[in-house]
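J.: First the structure, which I've put down as structure tokens, then a few questions once you've had a look.
The values are calculated or read from the model by the stated rules, or taken from the named source; none is laboratory data. Note that the coordinates shown come from a computational prediction; the quantities given were computed from them, not determined experimentally. Every residue, glycine among them, receives a Cβ derived from its backbone with ideal geometry; neighbour counts consider all protein chains shown.
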Amino acid sequence: MLILTAEELRFDMWSPERRLVIPLAVVLRVDTTKRHAGRYSVKPLLRVTWRDARGLEDAAAWALTERDEWVPALEDAVRAARTAGGAPPA
């Protein structure tokens, strides 16, 4: 399950149980791709690239039916998070 809040993008996976939390203030890019982590997808994936706590670039991608709605929503949320005082990525 992918959840967007004013401060973060959160991905909750049920099996195995895992959670990925990406603060919006550290997001570098939001885009779509057909290739991620060495795998190819027939349909474009939503990809989010961010800078982790060690300063390294990381990325995650998801297959979503509402992908075209997520891109502008995430871009707007990232801009708002930075405007609200989140530090832009270095």
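J.: Looking at the range 71-83, which of its residues are surrounded by 13 or more Cβ atoms within 10 Å (Cβ to Cβ) and either among the polar types (S, T, N, Q) or under 15 Å from residue 44 (Cα atoms) (or both)?
T.: Once the filter is applied, which keeps residues that are surrounded by 13 or more Cβ atoms within 10 Å (Cβ to Cβ) and either among the polar types (S, T, N, Q) or under 15 Å from residue 44 (Cα atoms) (or both), the range 71-83 yields only 71.
J.: Further, regarding this structure: Does the range 1-8 include one or more residues that are assigned to a loop (DSSP other than H, G, I, E, B), among the β-branched types (Val, Ile, Thr) and surrounded by 10 or more Cβ atoms within 10 Å (Cβ to Cβ)?
T.: yes
J.: Report yes if residue 68 is surrounded by 13 or more Cβ atoms within 10 Å (Cβ to Cβ) and of a type in the set (Asp, Glu), otherwise no.
T.: no
J.: Here is a list of conditions, (1) under 14 Å from residue 73 (Cβ atoms); (2) more than 9 Å from the chain's Cα centre (by Cα), and residue 30 meets all of them except one; can you say which number that is?
T.: (2)
J.: List the residue pairs whose Cβ atoms are under 6 Å apart, where the first residue sits in the range 37-50 and is farther than 16 Å from residue 64 by Cβ and modelled with pLDDT under 95, the second is part of a strand (DSSP E or B) and of a type in the set (A, V, I, L, M), and the two are 6 or more positions apart or on different chains.
T.: none
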